[in-house]
Amino acid sequence: MVQEQSALAQTPAPPRKKIVLSGVQPTGVLHIGNYVGALSLWAQQQDEFHNYFMIADMHALTVPENVKAKALRANSRSVAALYIASGIDPEKNVIFRQSSVTAHAYLAWILTCCTPMGWLERMTQFKVKAEQVESIGTGLFTYPALQAADILLYNADYVPVGEDQRQHVELTRDIASRFNHLFGKCFRLPEGLYRTTGARVMGFDDPTAKMSKSLAETQSGHAVNLLDPPNVVKKTIMSAVTDTNNEARFEHASPGVRNLLELYEVLTKQERPQIEAQFHGQGYGSLKAAVVEAVNETLRPIQETYKQITEEPGYLDGLLARGAERAGEVAERTLKRARELTGL
Ligand code: TYM
């Protein structure tokens with residue numbers, strides 16, 4: 001008996017599964033950039049981590065002029081369905097709406113108070129978005145503090161996102177450090193996880209601009225949306241901006257061609273030399289046709305699963321309610337500690 005106990009004592013505890021939190025704003029239909037930069041990465045790594053995948057519906061309010069309650073609710077459900085359709089297992093991962101865990105708003109206030117204005121003024125996304133809207137709401141400005149709350153409530157080790165979110169993840173670390181310094185240790189400092197290829201998919205109509213949901217709404221030919229039918233995908237990609245050369249090498253290609261090559265690389269998981277050999281001397285028509293095929297092959301199963309999920313009455317509501325409960329328990333624990341430390 002004694003021997004058994006000492007043998008047990010020597011067995012090392014299994015390593016803690018690292019925690020992931022990430023999310024998407026439910027503004028408009030998700031595009032292939034969201035899939036490549038974020039959703040597909042989450043799905044690919046899901047077994048390695050303990051994951052929280054959030055629908056960032058409170059972030060969608062930062063431009064309130066664009067919000068209609070019914071559409072926002074529908075979009076949130078649609079994003080949840082797209083998470084699952086992209087391969088995220090709803091049994092193994094926590095999928096929830098940000099607004100259904102009230103701790104996000106509470107911690108966001110605490111963190112806003114710990115965030116110097118200068119830090120927020122530096123945010124590139126704020127500067128870009130502020131130019132696109134008529135009236136700049138305070139929420140658009142303090143948006144990154146809410147994002148920090150999203151991440152810190154779950155003690156996330158990793159935040160898998162596209163390149164455009166790098167600055168927000170780094171700011172989250174700064175905000176967490178400042179809180180810990182002012183009030184005592186509360187938050188783990190998270191790290192961003194980015195794809196080496198595909199972390200920044202560019203617009204098909206303008207390869208100097210990042211593919212974005214807002215541009216996709218106003219510029220036809222800008223993006224492929226995850227629910228686009230095959231003929232629309234074909235039309236968009238076949239009219240993608242390229243150049244008048246005939247260059248299919250990654251390092252020498254112009255931005256539009258490189259964007260197509262990289263998309264092909266990520267979606268087909270082929271090596272660069274193989275891809276370069278395949279399209280060498282072929283002209284861009286064959287590259288575009290191959291990208292159309294790769295995109296449609298990717299979207300077909302996503303759209304099939306999406307249809308099944310959205311047609312099953314009550315399924316998404318049940319899933320989101322369970323997700324909110326599981327996320328809420330963890331978030332409330334962290335918030336309790338932050339309140340104790342601040343005296344609230
Ligand atoms: P959002 O909704 O703009 O984008 C969702 C995810 O898609 C990535 N992404 C891209 N990746 C590659 N190429 C592109 N062209 C492209 N466009 C978007 C984004 O980097 C992101 O990973 N603020 C966030 C949502 C959010 C969040 C969070 C994310 C709220 N709280 C906490 C992580 C952790 C946003 O607006 O993402």
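The values are calculated or read from the model by the stated rules, or taken from the named source; none is laboratory data. Keep in mind it's a predicted model, so treat the numbers as computed, not measured. A quick note on method: Cβ atoms are made from the backbone with ideal geometry, for glycine too, and the neighbour counts reach across all protein chains shown. The protein model used for the area step is the full one, side chains on, heavy atoms only, and it has no ligands, DNA or RNA in it. Shrake-Rupley method; radii C 1.70, N 1.55, O 1.52, S 1.80 Å.
General remarks:
- Area accessible to solvent at residue 211, 1.4 Å probe radius, in Å²: 10
- For the range 43-199, the share of accessible area belonging to carbon and sulfur comes to 52 percent (1.4 Å probe, ligands and nucleic acids excluded).
- Computed FRET value (nearest 0.05) for residue 166 with residue 134, which takes r as the C-beta separation and R₀ as 35 Å: 0.80
- Per-residue Karplus couplings for the range 51-59, computed as 6.51 cos²θ - 1.76 cosθ + 1.60 with θ equal to phi - 60°, are listed in order as 10, 10, 10, 10, 9, 7, 6, 5, 5 Hz, Gly and Pro entered as x.
- Evaluating 6.51 cos²θ - 1.76 cosθ + 1.60 at θ = phi - 60° for every residue in the range 124-130, the Karplus couplings come out as 4, 4, 5, 4, 5, 5, 4 Hz, glycine and proline recorded as x.
- Heavy atoms of residue 48: accessible area, 1.4 Å probe, square angstrom to 10: 120
- Note on surface exposure: 119, 109 rank 109, 119 by accessible area, highest first, 1.4 Å probe.
- Label separation (residue 232 vs residue 180): 4.5 nm, computed from points 7 Å beyond Cα along the C-beta direction.
- Counting Lys and Arg as +1 and Asp and Glu as -1 over every other residue whose Cβ lies under 14 Å from the Cβ of residue 181, the net charge comes to +2.
- Computed over the range 233-344: relative contact order in percent, which uses C-alpha pairs under 8 Å that are six or more apart: 24
- Where only C-alpha atoms are counted, convex hull volume of the range 85-189 per residue in Å³: 133
- Look at the Cα gyration tensor of the range 182-239: its axes a ≥ b ≥ c give a/c of at least 1.5 with a/b over b/c, and that counts as prolate.
- Angle in degrees between helix 103-113 and the longest Cα principal axis of the chain, rounded to the nearest 10: 90
- Separation of alpha-carbon centers, the range 50-87 and the range 93-140, rounded to whole Å: 16
- Applying D = kT/(6 pi eta Rh) to the chain, where Rh is the Kirkwood radius over alpha-carbon pairs, T corresponds to 25 °C and eta to 0.890 mPa s, the Stokes-Einstein value obtained is 114 µm²/s.
- Around the amide H of residue 50, modelled in the peptide plane, lie the amide H atoms of 18, 19, 20, all under 5 Å away and 5 or more residues distant in sequence or on another chain.
- Note, ³J(HN,Hα) from phi for the range 263-275, Karplus 6.51, -1.76, 1.60, rounded to Hz, x at Gly and Pro: 4, 5, 4, 5, 6, 9, 6, 8, 7, 4, x, 5, 5
- Counting only heavy atoms of the protein chains and using a 1.4 Å probe, residue 297 has close to 100 Å² of accessible surface.
- When DSSP beta bridges are restricted to pairs lying wholly in the chain, around 10% turn out antiparallel.
- Burial ranking of peptide ranges 65-73, 224-232 (average Cβ count within 10 Å, highest at the top): 224-232, 65-73
- Cβ-derived FRET efficiency at R0 45 Å, residue 317 paired with residue 286, nearest 0.05: 0.45
- Relative contact order of the chain, defined on C-alpha pairs under 8 angstrom at six or more residues apart (%): 22
- Amide H contacts for residue 193 (H built 1.01 Å from N in the peptide plane; partners 5 or more residues away or on another chain; cut-off under 5 Å): 159, 161.
- One quarter of the surface of the convex hull around the alpha-carbon atoms of the range 1-121 equals 12.0 nm², the direction-averaged projected area.
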